[in-house]
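Colleague: Would you mind keeping the following structure in view while I ask a few things?
The values are calculated or read from the model by the stated rules, or taken from the named source; none is laboratory data. A quick note: this is a predicted structure, and the numbers were derived from the prediction, not measured. Cβ atoms come from the backbone with ideal geometry, glycine included; neighbour counts cover every protein chain shown. Remember, those area values only see protein heavy atoms, side chains included, never the ligands or the DNA or RNA. Shrake-Rupley method; radii C 1.70, N 1.55, O 1.52, S 1.80 Å.
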Amino acid sequence: MIDVLFEQLQRELRGRVLRDEPMSRHTTWRVGGPADLFIEPADGEDLGETLRILAAARCPWLTVGAGSNLLVKDGGIRGAVLHPTRLRRLEISDDGRVTAGAGLPLMTLIRAAVERGMAGLEGLAGIPGTVGGGVVMNAGAGGQQLADVVEGATLVGPEGPEVWSRDRLAFGYRSSAVGAGQIISEARLRLHPGDPRALAAAFAGRLAERAAAQRVGGANAGSVFKNPPGASAWRLIDAAGMRGAVEGGAQVAERHSNFIVTTKTACAGDILRLIERIRDQVRRQSGIELETEVKIVGEDR
């Protein structure tokens, strides 16, 4: 069935379609088994056509952006991965209204806003990922979050595009109402004018802070666990004695214990086992159940 679907997608789409694509090429941890189908739609229209074909074939799918907040298991992903990297539209008006494609890197958006003297995103400088992924998880740092500036988003499905308001997006801490089976094609934001020099200084300062704190010495996916209410995940991990803990090719970073770094020999299973060890030790030491910030997908080998 997958081979027939692969041929149909190649024939009917204008974007790129790959078969058995290793997800280690598309995640910042550089691990993960193959996706049956890996699709890069050419634009929003092509994305809609992709979803119609997949729906008709009853083929499951998920979206992967920059792969910076994602762990794909070693058995890979059955069905299709949609990679909207070509959806990079960016428009910034003089009154601070912004339209940004889902595949646009967050850093490209933030840098452009700062250069235009538009405030509201400079605290997020250095965050990896794309606009689409950032909206879905309500990315935040430096006292700012995307929920502060997002006014709405366009979601595409087999029946076509649908506009969601800020209220419908229902942002929470590192979360939104956008779920499985839904994909953002673009987001609309509202920024406000700021002093260009002050914004540039804040942007540079935030990049320097993140570089100093997160130069962890290996491939990683950023913060692994969410901060529990009133607590800090890295402090809990430290207190549980897990700084520097090793599982195969994965290690809790010595510099920042809410990061897990990998070597070239690592597999997703190493990371998963280390995550469970951390959760178990923190639970024993503090009684707190850590929740992963990274999304875990795919099948075991």
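Colleague: Quickly run through the stretch 157-179 and pick out the residues that are in contact with a Ser or Thr (Cβ under 9 Å, 6 or more places away or on another chain) and within 16 Å of ALA102 (Cα to Cα).
Modeller: PRO161, GLU162, VAL163, TRP164, LEU169
Colleague: Is there a residue being aliphatic (A, V, I, L, M), in contact with a Gly (Cβ under 9 Å, 6 or more places away or on another chain) and loosely packed, with under 13 Cβ neighbours inside 10 Å anywhere in the stretch 161-173? Give the derivation first.
Modeller: Narrowing the stretch 161-173 to residues aliphatic (A, V, I, L, M): 163, 169-170.
If we keep only those that are in contact with a Gly (Cβ under 9 Å, 6 or more places away or on another chain) as well, we get 163, 169.
Within this subset, residues satisfying the condition of being loosely packed, with under 13 Cβ neighbours inside 10 Å are 163.
Checked against the condition, which is being aliphatic (A, V, I, L, M), in contact with a Gly (Cβ under 9 Å, 6 or more places away or on another chain) and loosely packed, with under 13 Cβ neighbours inside 10 Å, the stretch 161-173 yields at least one hit.
Colleague: Can we say PRO60 is closer than 16 Å to ILE183 by Cα and open to solvent by 60 Å² or more (accessible area, probe 1.4 Å)? Walk me through it before giving the result.
Modeller: Working: closer than 16 Å to ILE183 by Cα: yes; open to solvent by 60 Å² or more (accessible area, probe 1.4 Å): yes.
Yes.
Colleague: I would also like to ask the following. Scan the stretch 262-273 and tell me whether some residue there is under 17 Å from ASP238 (Cβ atoms) and open to solvent by 10 Å² or more (accessible area, probe 1.4 Å).
Modeller: The answer is no, given that none of the residues of the stretch 262-273 is under 17 Å from ASP238 (Cβ atoms) and open to solvent by 10 Å² or more (accessible area, probe 1.4 Å).
Colleague: Further question: Yes or no: THR85 touching a residue at least 24 places away in the same chain (Cβ under 8 Å) and among the hydroxyl-bearing types (Ser, Thr, Tyr)? Don't jump to the end; show me each part of the working.
Modeller: Numbers: touching a residue at least 24 places away in the same chain (Cβ under 8 Å): yes; among the hydroxyl-bearing types (Ser, Thr, Tyr): yes.
Yes: the conditions hold for THR85.
Colleague: Is there a residue in the stretch 283-295 that is in contact with a helix residue (DSSP H, G or I) (Cβ under 6 Å, 6 or more places away or on another chain) and open to solvent by less than 20 Å² (accessible area, probe 1.4 Å)?
Modeller: yes
Colleague: Can you list residue pairs whose Cβ atoms sit under 7 Å apart, with the first residue in the stretch 1-12 being in the same structural domain as PHE38 (by the TED database) and open to solvent by 80 Å² or more (accessible area, probe 1.4 Å) and the second being at pLDDT 95 or above and of a type in the set (Val, Ile, Thr)? Count only pairs 6 or more apart in sequence or on different chains.
Modeller: Going by the 7 Å Cβ cut-off, the qualifying pairs are GLN10/VAL17; GLU12/ILE53.
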